[in-house]
Structures are given as C-alpha cells and as structure tokens.
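K.L.:
The following block contains the structure, expressed as structure tokens.
The values are calculated or read from the model by the stated rules, or taken from the named source; none is laboratory data. The model shown is predicted, which means the values in this text are computed figures rather than measured ones. FYI the Cβ positions are ideal-geometry reconstructions off the backbone, even for glycines, and counts take in every protein chain you see.
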C-alpha cells in the first residue's frame, strides 16, 4: 500500500522547517569558519552542476540559464564577501555574513523549490527528469551554486591570508 502524498508532506514538514530555520540563522549570525565545510561546498556544488548540465544536454535554454545563474551568483557572492565581517580570535576564525544578500539567495531558492513542490502536488507527481527541465529552476540553482562556491573560495582565501606563518 502506497503512503498518500499529504501524509508524506505532513511528516516531512517539521524536518524541512527545521532545515530552513537553521539555514537562515546561519546566514545572519556570526559563525566559526571551518575549512572542511568550505571545501565540501567546493566539491558538492560542482558535482551537482555537472549532473544538472548533463540533464540539460540538448536544451540550450537550460544550459544558458545555468551559466547565467552561475555568473549572477558569483557576482552576488563577491559582493557579499566584501560586506562580510571577518575576525580572528586566537586560533579561531569567525565571519558574519552579509545577511541581506544571503537571505535573498536562500529565499529565492526556497521559494522556487516550494513552487515546484506545489506543482508536483497539484499535478499528482511528475517524472524525475521534469524537475530540472525548467530554465527558471536551473537558473536559480545556478545563482545558489555560484553564490556558495564564490563565498567558500573567499572564505578559504581569507583564512589562508590571515593564518599566521608557521616557522
């Protein structure tokens, strides 16, 4: 017996709400800089970009949207880095992201995923490949990817430049 979609949605709602809250909180508060987290971003997002690109082969609008989103996200990431507050306390590195830019990028992505979930629910499901066949969805994913990758590169560069020289 298959579990009805509304029951799945109700069961997943608290998990999704908690992840959204923690993501938005991290975009607005001081954080401990962890190199493993920045490096993970630089592995995870490029892999996802390759998968999305492969899914978009044969559709120039998808690839164009992804490329445009990457450029826009990279610009937003660079601007956000310039507005980020960096500090070093002893051996620890902290940063406070520029909340407005990070929130706009996150809410743009969350809003689009919510819309796609609504479409999925209203249409009674869709084929798994249909999800990334929307140029708008892929463009917004490109913005998110470009933003996070640029931000991670900037944080790693800042740590490298700020770290005390070892004898």
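K.L.:
Residue 57 versus (1) within 19 Å of residue 156 (Cα to Cα); (2) free of Cβ contacts under 8 Å to residues at least 12 places away in the same chain: which is the lone unmet condition?
P.N.:
Only one criterion is unmet by residue 57, namely (1).
K.L.:
Only residues that are in contact (Cβ under 8 Å) with a residue 40 or more places away in the chain and buried (at least 16 other Cβ atoms within 10 Å of the Cβ): list them for the range 107-121, please.
P.N.:
110
K.L.:
Picking from 45, 86, 93, which residue would you name as being closer than 21 Å to residue 135 by Cα and in contact (Cβ under 8 Å) with a residue 24 or more places away in the chain? Show your work before the answer.
P.N.:
Working: 86 fails: closer than 21 Å to residue 135 by Cα; 93 fails: closer than 21 Å to residue 135 by Cα.
Unique residue meeting the criteria: 45.
K.L.:
Any residue in the range 1-26 that's under 25 Å from residue 104 (Cβ atoms): show its pairings with residues that are modelled with pLDDT of 75 or more and not in a helix (DSSP H, G or I) at Cβ separation under 8 Å, as long as the two are six or more apart or on different chains.
P.N.:
Note: pairs meeting the criteria are 26/97.
K.L.:
Same structure, new question: If we scan the range 26-40, do we find a residue that is closer than 19 Å to residue 102 by Cβ, at pLDDT below 90 and in a helix (DSSP H, G or I)?
P.N.:
Yes, the range 26-40 contains at least one residue that is closer than 19 Å to residue 102 by Cβ, at pLDDT below 90 and in a helix (DSSP H, G or I).
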